[in-house]
Amino acid sequence: MYTGHENNCIICGKPLVYSTETVMRECCVCHKVFPSDAACEDGHFVCDSCHSGGGTEILAHLQQSTQRDPIALFTEVCSLPGVHMHGPEHHSIVPCVLLTAYKNCGGDIDLPASLSEAWTRGKKIPGGACGFLGVCGAAAGTGIFISILTGDTPLAGEAWAEAQRMTARALNAIAGLGGPRCCKRDGRLAIAEAVKYVRERFGIGMPLSRPACTFCGKNSECLRSRCPFFPAGGE
């Protein structure tokens, strides 16, 4: 859903207010009632499904892409209309850009089917999972990526362990910088760890650029010079 507000509340643009208790709220878009831990200052609540949209444009963009660098591809996708500064859509974007870059670098996967599955799995991770569940959705997204590559299921053996290791590595990198959250920063950190893991485990190298962040001006909680992606001289 794209309303023109890329940060904070996508209805009015006002800051979100997070609660330590979950309450039932009606989504302003679909009018269904969901458990919620956040609404804006004016009380607007948008459910994760309406916030993320169906992903049709994103998946179409990825299927047509020849980009081999997942960080560059992540930046492209995050610049598409409907992708907000923060939001649960990033939980699906991370594994989808990794799958696309992996395929473009010679990985043997059915890309359309893999992208569809990754998007569906990513949407299961709720918004705010980083703060309320202790698991950043970007890190979980790398676990989704590896689980699709290995055919992991809850009953698998080594494949099960591999997805856990991947998520743990991404979480460690993300936690190393501390909070507050930034979906763009955490996504890039998680992707970088996944690239390293794939090179070690599968022997497939994906190029990894490190362009300066172009989203920091939209993030009121930006770490600025403490973020490794903050533009040089940006202070």
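The values are calculated or read from the model by the stated rules, or taken from the named source; none is laboratory data. These figures come from a predicted structure and were not determined experimentally. Backbone-built Cβ (ideal geometry, glycine too); neighbour counts: all protein chains shown. Keep in mind that these areas ignore ligands, DNA and RNA; they rest on the heavy atoms of the full protein, side chains included. Shrake-Rupley method; radii C 1.70, N 1.55, O 1.52, S 1.80 Å.
So the values come out like this:
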read-out	value
Listed peptides 134-145, 79-90, 156-167 by packing density, highest first (mean Cβ within 10 Å)	134-145, 79-90, 156-167
Long-range amide H partners of residue 17 with built H, under 5 Å	39, 40, 41
Residue-count net charge about residue 71 - beta-carbon cut-off 14 Å; Lys, Arg +1, Asp, Glu -1	+2
The stretch 52-110, accessible surface, carbon-and-sulfur percent (1.4 angstrom probe)	46 percent
Over 24 Å between alpha carbons, listed pairs 32/184; 124/196; 103/218; 103/196	32/184; 124/196; 103/218
Residue 20/residue 64 FRET efficiency (R0 35 Å; Cβ-Cβ; nearest 0.05)	0.20
Accessible area of residue 148 in the full protein assembly, 1.4 Å probe (Å², nearest 10)	30 Å²
Estimated FRET transfer efficiency (residue 226, residue 49; beta-carbon r; R0 35 Å; 0.05)	0.55
At R0 = 35 Å, FRET efficiency that the Cβ-Cβ distance of residue 135 and residue 12 yields, to 0.05	0.75
The stretch 120-235, accessible surface, carbon-and-sulfur percent (1.4 angstrom probe)	57 percent
Residue-by-residue Karplus 3J(HN,Hα) for the stretch 14-19, coefficients 6.51, -1.76, 1.60, Hz, glycine and proline x	7, x, 7, 10, 9, 10
Spin-label proximity, residue 155 to the stretch 98-122 - amide N less than 14 Å from point 7 Å beyond Cα toward beta carbon	none
Estimated [θ] at 222 nm from DSSP helical runs (n ≥ 4, -39500 (n - 2.57)) normalised by residues in the chain, nearest 500	-14500 deg cm²/dmol
Three-way shape call for the stretch 123-232 based on the alpha-carbon gyration tensor, with the a/c threshold at 1.5	oblate
Largest to smallest principal axis extent of the C-alpha atoms in the chain, angstrom	51, 46, 32
Solvent-accessible surface (1.4 angstrom probe) belonging to residue 103, in square angstrom, nearest 10	80 Å²
Kyte-Doolittle at least -1.0, axis length at least 24 Å by Cα - qualifying DSSP helices, the chain	158-177, 183-202
Per residue value of the accessible surface for the chain (all protein chains in place, 1.4 Å probe), Å²	46 Å²
